[in-house]
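Down below is the structure, laid out as structure tokens.
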């Protein structure tokens with residue numbers, strides 16, 4: 001039951017349900033269309049969630065000018081434009097919010113900050129919708145989320161305090177974001193994730209019963225990256241421990257951005273069985289399967305035809 005609630009909550013905002021029972025006749029902008037007699041369940045679930053891929057986002061602050069550089073996944077931009085969606089980059093910088101249309105693969109946008117606004121990080125999301133599809137998630141750095149936190153590099157501060165980032169031997173100690181896999185800096189493939197407190201906590205809070213929790217920990221050791229986000233994603237996408245564990249186990253066979261693929265399968269197919277079949281087919285791809293999933297969903301009629309389209313690889 002908790003998984004079903006979280007899954008519905010991830011796709012339909014509570015505010016939209018309370019404010020607009022008709023959900024704008026299927027449009028993803030949350031405004032009334034004037035047809036108040038429409039059934040809200042039918043209208044809201046006509047809108048399918050999409051994930052938009054960003055290859056990288058960097059933020060720099062020089063005095064009061066905030067520069068945000070973004071690199072866009074070409075297939076994501078092409079798929080969005082083909083669907084009639086023109087994505088918008090949303091930036092929350094401290095007390096100010098900015099927006100800029102994403103119309104190129106490599107862009108830099110500059111925003112002017114207020115005098116007393118000095119953010120250390122920004123919140124980045126992407127929005128856009130048409131009558132059938134809505135961008136709800138962003139894929140960035142191997143993860144999928146409605147929004148990501150991006151640190152802001154203060155160029156003026158860095159110039160004034162550069163000497164503070166070096167020790168007496170001249171070695172740079174300023175990079176505090178180095179990846180530590182807990183195995184002495186060795187190969188992350190040798191990492192025993194089942195002994196990491198965050199992974200133990202995720203398995204314990206997601207699954208019910210000692211057997212399922214132990215199964216979760218065993219599967220976690222097969223990951224070459226931190227599996228916590230994968231556990232949470234499967235919990236949101238699936239109903240019941242059996243399906244959640246099946247989803248989690250399949251991620252160890254993925255060769256390309258598994259979390260993004262889960263969201264694409266969930267958005268394109270109805271029911272956990274079809275979504276798991278979508279993962280089976282997609283995880284065999286040696287390239288990003290998300291645009292193929294979305295193309296099959298847009299072009300074919302019914303889950304069976306969509307699965308046949310996807311399974312051709």
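Nothing in this text is a laboratory measurement; each read-out follows from the coordinates by a stated rule. Keep in mind it's a predicted model, so treat the numbers as computed, not measured. Virtual Cβ from ideal backbone geometry, glycine too; neighbours counted across all protein chains shown.
Computed quantities for the displayed model
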{"quantity": "Cβ-based exposure ranking for 263, 116, in which fewest neighbours within 10 Å come first", "calculated": "116, 263"}
{"quantity": "Exposure proxy ranking, count of Cβ atoms within 10 Å, fewest first, for 149, 252", "calculated": "149, 252"}
{"quantity": "Fewest-first sequence of 79, 50 by Cβ atoms within 10 Å of each Cβ", "calculated": "79, 50"}
{"quantity": "Relative contact order (%) - criterion: Cα under 8 Å, at least six apart; region: the range 48-156", "calculated": "36"}
{"quantity": "In nm, spacing of pseudo-spin labels at residue 96 and residue 305 (7 Å Cα→C-beta vector)", "calculated": "5.0"}
